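The block underneath contains the structure these notes are about, expressed in structure tokens.
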């Protein structure tokens, strides 16, 4: 990526945002943008809110510096200290991307929740082993689940698709550390990259690695190829093998997804994993599930 990278500090209007993800009540996104610059990231659409293009994804991050103060005020409005509610970090950014080491914004927000005695559930999803820094604060929460996204068993593949994210090997080490400290963990295996049907052993290696790390709960999601994501991916893959590009297109067909799901269910059974939501998520279908019928993540994980 040849574009310059910029960090800006901004003030937000709210910390807790109502969330459309089935089973989640509120989401907190400490940052706008993400330096990890994952080529497949659906959150690249966020650029339109800060006058950026989809192609700019990974070149900017806006830091919401006043978020801990806002959260402290908003928590007092929750009934019964938020019991029965779930807060998710984060839906359109990574809460532990590199600049978190400097700003400690996510850590400060979780500290606010702990100091207040938040009575609900907190879930975190990241691609960064920096998350282990905050085990001490996680331990103060009533209910916490920490997830690591794992899309490959190969550091080289993860580096290609997730340009500046920590390698998958470090994410697995983070799961080992979290499990060792008694923090409930899960893995998000998504998006499923298209080579897995042709190379099922690579997918099995992911499941084996997760099981060895002590993580048994997994979410799995098919690749989301909405037009803005597809166009960005194809631009990034200029010169790639045409067969690989073809598989990216085929990943959206029902037959492809059924073949892949058959492999997944066999591996889930073999490694005694638990497939959360009892389905391989396909973005278009999952988002349309009525909220009352969706498997609530707080019930699944806690």
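Among the candidates 270, 238, which residue alone is surrounded by fewer than 17 Cβ atoms within 10 Å (Cβ to Cβ) and either modelled with pLDDT of 80 or more or in contact with a strand residue (DSSP E or B) (Cβ under 8 Å, 6 or more places away or on another chain) (or both)?
The unique qualifying residue is 270.
Which of the residues spanning the range 195-217 are crowded, with 21+ Cβ neighbours inside 10 Å and closer than 16 Å to residue 282 by Cβ?
196 - this is the single residue of the range 195-217 that is crowded, with 21+ Cβ neighbours inside 10 Å and closer than 16 Å to residue 282 by Cβ.
Would you call residue 117 surrounded by fewer than 17 Cβ atoms within 10 Å (Cβ to Cβ) and within 17 Å of residue 140 (Cα to Cα)?
For residue 117, the condition - surrounded by fewer than 17 Cβ atoms within 10 Å (Cβ to Cβ) and within 17 Å of residue 140 (Cα to Cα) - is met.
Scan the range 44-53 and tell me whether some residue there is surrounded by fewer than 23 Cβ atoms within 10 Å (Cβ to Cβ), modelled with pLDDT of 95 or more, out of contact with any strand residue (DSSP E or B) (no Cβ under 8 Å at 6 or more places or on another chain) and assigned to a loop (DSSP other than H, G, I, E, B).
no
Taking the stated definitions as given, is residue 108 at pLDDT below 95, closer than 26 Å to residue 164 by Cβ and more than 16 Å from the chain's Cα centre (by Cα)?
no
I'd like the residue in the range 57-68 that is buried (at least 17 other Cβ atoms within 10 Å of the Cβ) and without any contact (Cβ under 8 Å) to a residue 60 or more places away in the chain and, out of all such residues, is nearest to residue 108 (Cα to Cα).
Step by step, filter the range 57-68, then rank; the result is 68.
Restricting to the range 154-171, give me the number of residues that are under 17 Å from the mean Cα position of the chain (by Cα) and assigned to a loop (DSSP other than H, G, I, E, B).
5
Modelled with pLDDT of 95 or more, assigned to a helix (DSSP H, G or I) and under 16 Å from the mean Cα position of the chain (by Cα): which single residue out of 137, 131 fits that description?
Exactly one residue qualifies, and that residue is 131.
The values are calculated or read from the model by the stated rules, or taken from the named source; none is laboratory data. Computed from a predicted model, the values in this text were never measured in an experiment. Positions of Cβ are generated from backbone atoms using ideal geometry, with glycine treated the same way; all protein chains shown enter the neighbour counts.
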